[in-house]
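The values are calculated or read from the model by the stated rules, or taken from the named source; none is laboratory data. Computed from a predicted structure; not experimentally measured. FYI the Cβ positions are ideal-geometry reconstructions off the backbone, even for glycines, and counts take in every protein chain you see. These area figures cover heavy atoms from the full protein model, side chains too; ligands, DNA and RNA do not enter into them. Shrake-Rupley method; radii C 1.70, N 1.55, O 1.52, S 1.80 Å.
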Amino acid sequence: MQPYKNLGGNSGVTAFDFGPGDITVQFRNSTRLYTYSTKHISSQKIEHMKALAIAGQGLNTFISQNKDVHDGFDR
């Protein structure tokens, strides 16, 4: 897992990792890892999430504001 830069200073995301068709996110108040993949979410949104993760800003907001992403993690 790579530490999330949290440039905005108030993100719930603490770390991330990704593969070709997925991104795994760890949130501040959880030890659970959440994997979001193209099984449930469009590849465009997965790629956007990866870009936000690398940038270190906006990932938590994107997840919370997009219901398909918020509810689309692999179970």
Report summary line: Among segment 21-51, those whose backbone N falls under 20 Å of a label point 7 Å along Cα→Cβ from Asp71 are 34-46
Requested in this report: With a point put 7 Å past each Cα toward its Cβ, work out how far Thr38 is from Asn6 in nm, to one decimal.
Outcome: 3.2 nm
Query raised in the report: Could you work out Rg/(2.2 N^0.38 Å) for the chain, with Rg from alpha carbons only?
Result: 0.96
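For the chain, give the percent of accessible area contributed by carbon and sulfur heavy atoms, probe 1.4 Å, rounded to a whole number.
Details: 2190 of 4410 Å².
Of the solvent-accessible surface of the chain, carbon and sulfur hold 50 percent.
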Query raised in the report: Hey, what's the chain come to in accessible area per residue, 1.4 Å probe, Å²?
Result: 59 Å²
Query raised in the report: Dipole size in debye (nearest 20) for the chain around its Cα centre, Lys and Arg Cβ +1, Asp and Glu Cβ -1?
Result: 140 debye
Requested in this report: Using amide H atoms built 1.01 Å from N in the peptide plane, name the residues 5+ places from Gly56, or on other chains, whose amide H lies under 5 Å from its own.
Outcome: Lys5
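Nearest 500 deg cm²/dmol is fine: what mean residue ellipticity at 222 nm does the chain get from its DSSP H runs of n ≥ 4 alone, each adding -39,500 (n - 2.57), divided by its residue count? Could the numbers behind the result be given before it?
Values: 3 runs with 24 residues, N = 75.
Result for the chain, helices only: -8500 deg cm²/dmol.
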